[in-house]
Amino acid sequence: MSIEKPRTLRRLHTRLASFRQLEVFLTVAEHLSVGAAAQSLHLAQPTVSTQLGRLADQVGMPLFEQLGRRLYLTPAGECLQAGCREIFEALARTDMQLSRLAGAQTGCLRVATVTTAKSLLPAYLGRFSAAYPDIDIEFQIANRDTLIARLKDNRDELYVFSHPPTELDIVAEPFADNPLIVVAPADHPLAGQTGLRWEDLAAYPFLIRESGSGTRLALEKTCREYAWSLTPRMTIASNEAIRACVVSGLGLTVLSRHAVADELGRRLVELDVAGFPLRNTWYVVHWRGKALSPVAREFLAFLQERETPA
Ligand code: PGA
């Protein structure tokens, strides 16, 4: 006589239908929307709902709950999401290793950067992609705080910060300078003057990045160190919007030279202020114990070898 075990006691892999089902689940979990997941997977919405229903049956617990119009992961859903991320990462690594054994340089580079580095990274990515044309690139951009949250969730393989978090067990390798400069519109009364002091800027409105931004963090730290006063008139959550406001004469700002390089000498100028540029460094970051894919390792080496692109 055979005694059948209750379903939840049978091991998970014997109950799951397919990797495709897990992929459907993970996509819904990342978007927290069946419609958005169906669109990204090129599936019909009812197909996605059916797959989710089957998976919840196989797991033996609900994976999502709908409260009002929003979808939330249940604790079982969160647990499955973490497991699925690891499974798909391991599969992607294996896929690349197999491609390597077959002599091909393929795979996907998953890199996430702080907003300010988005002006710098494309030049590196362009050269990397020219050298490895079969490698796909997933490039995420967020401010420093959001990027730290992605790092904690292990969402990407490599991260670019100029202020890597100090409290996490990560490896941070420097690869380029990130000078922060004082920026003014080209027709500003201080433009072209030499030997300015921070106090000379006090007569003009000042624009600053949002809290959570690494640029702001660096400026606030310097102001504390030198006891400089900092009374911003506007807080703006984007380098591009700050640039546009400075061009329109709304105030002065401090930004990375990389974020304004194409406008310097045209509609914007760098002011000659004592203590500036603030010297910062770009770091490429990953978890210390993380098994990096061959593509990520290739990109790390590539960053170390290259001069900063002009
Ligand atoms: P930010 O980060 O784009 O969030 O300002 C830049 C940095 O980390 O220095």
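The values are calculated or read from the model by the stated rules, or taken from the named source; none is laboratory data. The shown structure was predicted, so the numbers you read here are calculated from the model rather than taken from an experiment. Cβ sites come from the backbone with ideal geometry, for glycine too, and all protein chains shown count toward neighbours. Surface accessibility is based on the protein's heavy atoms, side chains included, excluding ligands, DNA and RNA. Shrake-Rupley method; radii C 1.70, N 1.55, O 1.52, S 1.80 Å.
Pairwise alpha-carbon distances in the range 180-279 exceed 23 Å for 14% of all pairs. If you wrap the tightest convex hull around every Cα atom of the chain and split its volume per residue, you get 190 Å³. Restricting to lysine pairs 8 or more places apart or on different chains, what number in the chain have Cα atoms under 25 Å apart? Final tally of qualifying lysine pairs is 5.
Could you work out the pair-distance distribution P(r) of the range 19-156 from its alpha-carbon pairs, with 5 angstrom bin width and percents rounded to whole numbers? P(r) for the range 19-156, in whole percents per bin: 2, 9, 14, 17, 17, 17, 13, 7, 4, 1, 0. Averaged per residue, the chain has 52 square angstrom of accessible surface, using a 1.4 angstrom probe with ligands and nucleic acids left out. Compactness of the range 73-218, taken as the C-alpha radius of gyration over 2.2 N^0.38 Å, stands at 1.41. Model label sites at residue 72 and residue 220, defined 7 Å from Cα along the beta-carbon direction, differ in position by 3.0 nm. A crude spin-label estimate for the pair residue 227 and residue 279, with each label 7 Å from Cα along the Cβ direction, gives 2.4 nm. Placing R0 at 30 angstrom, the Cβ-Cβ distance between residue 177 and residue 244 gives a FRET efficiency of 0.75 after rounding to 0.05. Take the Cα pairs of the range 7-79, get the Kirkwood Rh, then feed it into Stokes-Einstein at 10 °C and 1.306 mPa s and tell me D in µm²/s. Result for D is 128 µm²/s.
When the alpha carbon gyration tensor of the range 91-147 is reduced to an equivalent ellipsoid, its three semi-axes come out at 26, 14, 5 angstrom, largest first. With a simple spin-label model that places each label point 7 Å from the Cα along the Cα-to-Cβ direction, the separation between residue 234 and residue 199 comes to 2.9 nm.
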